[in-house]
Every structure is written in C-alpha cells, then in structure tokens.
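Student: Here it is: the structure, laid out below.
The values are calculated or read from the model by the stated rules, or taken from the named source; none is laboratory data. Quick caveat: nothing in here was measured; it's all calculated off a predicted structure. All Cβ positions, even for glycine, are placed from backbone atoms using ideal geometry, and neighbour counts span all protein chains on display. The accessibility values were calculated without ligands, DNA or RNA, using every heavy atom of the protein model including side chains. Shrake-Rupley method; radii C 1.70, N 1.55, O 1.52, S 1.80 Å.
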Amino acid sequence: MKILVTGGLGYIGSHTSVELMHQKYEIILVDNLCNSNEKVLENIKKITQVMPQFYKIDLTDKVALEKIFKENTLDVVIHFAGLKAVGESVKKPIKYYTNNLISTLNLLEMMQKYHVKKLVFSSSATVYGNPGNPKYTESMGRGQTVNPYGSIKSMIEQILEDLYASDNRWCIAILRYFNPIGAHESGLLGETPNGIPNNLMPYIMQVASGKRKFLNIFGNDYPTKDGTGVRDFIHVVDVAKGHVKALEKIKKEGHGIYTYNLGNGIGYSVMDLVNTFERVNGVKIPYKITARREGDLAEYFADPTKAKEELHWETEKTIEDMCRDSWNYEKNN
Ligand code: NAD
Ligand code: WQD
C-alpha cells in the first residue's frame, strides 16, 4: 500500500511517517518546506533506517502535484500540509485561505482524477467553536469558528462531506486533534516554531533553554481548577498512532466518511503543564500572570470514546512523557 503524506516533514507529519514506516507502509512525502527542512528527512531515516521518497513541491502548484500522481500508483493520501499559526491567519487571511484551501482543492482534484479515493485529513478541535460544554463530542457538530484558520478547517470538512455525498466510493477519515505537544523519544523529531512561539509548550521550552526570560500566563481568573486555561494536551506520537488506526479503518470500510477526536479526554491546566515540566525536567520556568489572550476559551477537552470504540485507539503517553520528550528534543536541537 502506497501512501502520499502531504506536509510529511512537518511536526505531526514526520511523527506519523515514522509510525507508518514502523508498520511497513510505503510512503511518499511531499512538502514545500515553508515550515520544515530537509534535515527532518535525514532524521526519519536515522529512526527507521529507510529514506522515504520525497518531493519538494508546493501543493498550490497543480502541475507539479500532478507529476506525483502520474509517477506513482497511490492508494491513500494523508493530508497534513497547511499553515497553522492562528494569530497569523487573523492578520493574513488571504495567505491562509489561498494556501490551505487551494492546496486541498488541488489535492482532491488530483485524487479524483487518478482514482485515489482514500483520505485522512488533519482537522482540529477548533471546528467545534464554543459549544458551551467543555467536553467536545463528535455528535456536537461544527460550531461558529473564531479565526480564519479555524474557518478553513471547518470549510474543508464541509468540502469533504460534499465530495462524499457526490460520490460515495470515497473513504475519508477526518481527525480533529486537540493540543499535540511532545516529541519523538529519540530527540530527533519535534517542533521548532519560527520566531516567537504562539503555543504554550514551544514557549515553555524557549524559557527553559534561556532564549526567553519568562512565560506569560494568559490569565489566572478563569473558572477552572486553578484559574488558568485548561486544554487536552496530547503526545504527538499518540496522535501519529491515531493516523495508523484511521488508515486501518478506511482500508477495512472501503467507503464512508468518519470523524474522530484525537485527544486524551483529560483537561490539564496551564499551571499543570508548567509544574509538571519543572518537576520532570528539574528546570525552573519563571512566569508572569498577564491578561487573558483574546479569543481563548477557559476550558475544553476531548471525548475520545468514538476513537476508542471504532479505531481501537487510546493514548499511551502521560503528561510527564510529553514534558520530558519536548525538553529532550529542545536540548538536542
Ligand atoms: P507543521 O507546520 O509542522 O507541518 C505542516 C507542513 O506542511 C510543513 O512542513 C509545511 O512546510 C508544509 N506545507 C504548508 N503549506 C504547504 C504547501 N502549500 N505545499 C506543501 N507543503 C506545505 O504543522 P503540524 O503541527 O504538523 O500540523 C499538521 C496539520 O495538522 C496541519 O494541517 C494543522 O493545521 C493540523 N493541526 C495541527 C495542530 C497542532 O497543534 N500542531 C492541531 C490541530 C490540527
Ligand atoms: C494553550 C493554553 C493559552 C501560550 C491552538 C490553536 C488550536 C490548535 C492547537 C491547530 C491557553 C495558554 C499559551 C503562552 C499561555 N491548533 N498560553 N501562555 O490556543 O489551545 O490551541 O493550538 O489546530 O486551533 O488555537 O493552544 O498552546 O496556544 O494555548 O498562558 O505563551 O496556554 O492561553 O490557555 P490553544 P496554545
């Protein structure tokens, strides 16, 4: 079985590629390296002993993309590629709509043309909007999104539903990730954001390594257990393994459209993460409490029951693993 992995050199794509290779799947990676680099390819090889085939291609370039479909007989596509900085999507909506939507439409067009009708798509908990209940269940459906990044994820889910309605030979798994953090235990793969990190764990790591003096904690007056925001942090390797399970599901079903939360089902607060990071790694994280960040919700976490029952997938890693592996990667890099 040949699998095209778009965004395969990115944070989640690279970890998923390793898990697929461990299961002996043949993969082809495509990435334009706008948020990754070719060293990731070397590191995938170091972990798996196999150098995957790689195309440096921008998915918005339909001609270049078609070359991959012409040169290879593909069975499945796992689509990670996209821009993912929520704040930037608010400032540069056209850049985000163009990149993330056109890439996906080009990909779907090529899949249709070359009769590749099995897809796993990276969605996000952000598509729930603000449903009122912090425990997000797939049956709640999509809500009102609050930024272009989230709106595009929601639109793509709709596009996939429309596509399936038009031709029920498609088999599509939509995976809604919660807050992936952590890194590969080898220390060879992880997340290295450009510039000032937006997300909590990358920021904590830059404080731990001395690149930044202190962490800003955005509010401690939320109606949560300690007043700080609560999220469902999940180890990236567990997320990666969720893709292998989703792939097995669509292989078995043959057709259909299936949506799953990939989360632990546990809400950890910002303070939980800071305290665990300090305890596990023996590194102090100085912090200041600042104002709430606009657009943040107090608390949300996944109901992962559907993925457990239908994909036979459960998280294996703890918050301690997430903190230890993140720091190990940061120290190595
Ligand atoms: P990432 O930025 O590390 O990986 C995305 C990869 O896609 C990068 O390597 C980038 O170079 C590539 N890319 C972007 N635009 C491209 C294009 N036009 N053509 C070819 N390659 C392109 O991000 P990630 O954290 O690995 O996220 C993967 C997917 O999961 C994204 O779709 C993201 O929106 C989604 N997601 C991520 C999170 C998270 O917190 N990391 C949460 C929910 C959903
Ligand atoms: C987590 C908590 C912050 C940074 C984002 C996207 C979401 C998904 C995952 C893609 C919040 C607090 C953060 C800091 C802090 N991505 N925080 N100081 O916002 O839950 O989710 O990434 O789909 O769509 O919105 O993640 O890591 O930014 O924040 O106090 O310097 O940490 O307020 O409570 P978020 P995050």
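Student: Given labels modelled 7 Å from the Cα in the Cβ direction, how far is it in nm from Lys46 to Lys288?
Tutor: 3.7
Student: Still on this structure, I have one more. Could you let me know the centre-to-centre spacing of segment 119-165 and segment 30-51, using Cα atoms, in angstrom?
Tutor: Segment 119-165 and segment 30-51 have Cα centres spaced 29 Å from each other.
Student: Something else: For the pair Ser209 and Glu66, how long in nm is the line joining their label points, each one 7 Å along Cα→Cβ?
Tutor: 4.2
Student: Moving to a separate point now. Stretched out fully, how many nm does the piece from Lys252 to Asn37 gain, at 0.36 nm a residue minus the Cα gap? Write out the running numbers ahead of the final one.
Tutor: Working: separation 215, 0.36 × 215 = 77.40 nm, distance 3.42 nm.
Using 0.36 nm per residue and subtracting the Cα-Cα distance, I get 74.0 nm.
Student: How much length is gained on full extension from Asp296 to Lys91, taking 0.36 nm per residue of separation minus their Cα-Cα distance?
Tutor: Values: separation 205, 0.36 × 205 = 73.80 nm, distance 1.67 nm.
Between Asp296 and Lys91, full extension yields 72.1 nm more.
Student: Each residue of segment 193-202 in turn: what ³J(HN,Hα) in whole Hz from Karplus with 6.51, -1.76, 1.60 and θ = phi - 60°, glycine and Pro shown as x?
Tutor: x, 7, x, 7, x, 8, 8, 4, 5, x
Student: Quick one: grab the alpha carbon gyration tensor of the chain, order the square roots of its eigenvalues as a ≥ b ≥ c, and give me rounded if a/c is under 1.5, else prolate or oblate depending on whether a/b is larger than b/c. Display every interim value, and only then the final one.
Tutor: On the way: a/c = 1.66, a/b = 1.38, b/c = 1.20.
Judged from the Cα gyration tensor, the chain comes out prolate (a/c at least 1.5, a/b above b/c).
Student: Another question, if that's okay. Which one of Val77, Val283, Val239 has the biggest mean-square fluctuation once the chain is modelled by GNM with Cα springs under 10 Å?
Tutor: Of Val77, Val283, Val239, the most mobile in the Gaussian network model is Val283.
Student: Now for a different question. Give me the distance in nm between label points sitting 7 Å out from Cα along the Cα-to-Cβ direction at Asp221 and Leu105, one decimal.
Tutor: Going from the Asp221 label point to the Leu105 one covers 4.5 nm.
Student: Using the beta-carbon distance between Thr73 and Ser166 and R0 = 30 Å, what value does 1/(1 + (r/R0)^6) give for FRET efficiency, to the nearest 0.05? Display every interim value, and only then the final one.
Tutor: Values: r = 24 Å, r/R0 = 0.79.
Approximately 0.80, to the nearest 0.05.
Student: Classify segment 266-333 as rounded, prolate or oblate, taking a ≥ b ≥ c as the square roots of the eigenvalues of its Cα gyration tensor: rounded when a/c is under 1.5, otherwise prolate if a/b is larger than b/c and oblate if not.
Tutor: oblate
Student: Over the chain, calculate the relative contact order: mean separation of alpha carbon pairs under 8 Å at least 6 apart, over the residue count, as a percent. Intermediate results must be reported in sequence, preceding the final value.
Tutor: On the way: 656 pairs, mean separation 63.0, N = 333.
After rounding, I find 19 percent.
Student: Moving to a separate point now. Taking segment 254-320, which GluC sites (Glu not before Pro) meet the DSSP loop condition and have no more than 11 other C-beta atoms within 10 Å? Present the calculation step by step, with values, prior to reporting the outcome.
Tutor: Details: sites: Glu278, Glu294, Glu299, Glu309, Glu310, Glu314, Glu316, Glu320; in loops: Glu294, Glu314, Glu316.
Passing both the DSSP loop test and the Cβ count: Glu294, Glu316.
Student: Of all accessible surface on segment 148-290 at a 1.4 Å probe, what whole percent is carbon and sulfur? Spell out each step's value before the answer.
Tutor: Details: 2750 of 5560 Å².
For segment 148-290, the apolar C and S fraction of the accessible surface comes to 49 percent.
Student: Would you kindly derive the ³J(HN,Hα) couplings of segment 98-112 from the backbone phi angles with the Karplus curve 6.51 cos²θ - 1.76 cosθ + 1.60 (θ = phi - 60°), listing them in order in whole Hz, with x for Gly and Pro?
Tutor: With coefficients 6.51, -1.76 and 1.60, one gets 5, 4, 6, 7, 4, 3, 5, 5, 4, 4, 5, 4, 5, 4, 5 Hz.
Student: Compute a Gaussian network model of the chain, connecting alpha carbons closer than 10 Å, and tell me which residue from Val244, Val18, Val50 fluctuates the most.
Tutor: Val50
Student: Stretch Asn194-Thr98 to full length: gain in nm at 0.36 nm per residue minus the Cα-Cα span?
Tutor: Values: separation 96, 0.36 × 96 = 34.56 nm, distance 2.06 nm.
Net length gain for the segment: 32.5 nm.
Student: For segment 91-136, rounded, prolate or oblate, judged on the Cα gyration tensor with a ≥ b ≥ c (square roots of eigenvalues), a/c < 1.5 rounded, else prolate if a/b > b/c?
Tutor: Oblate, since a/c reaches 1.5 and b/c is not below a/b.
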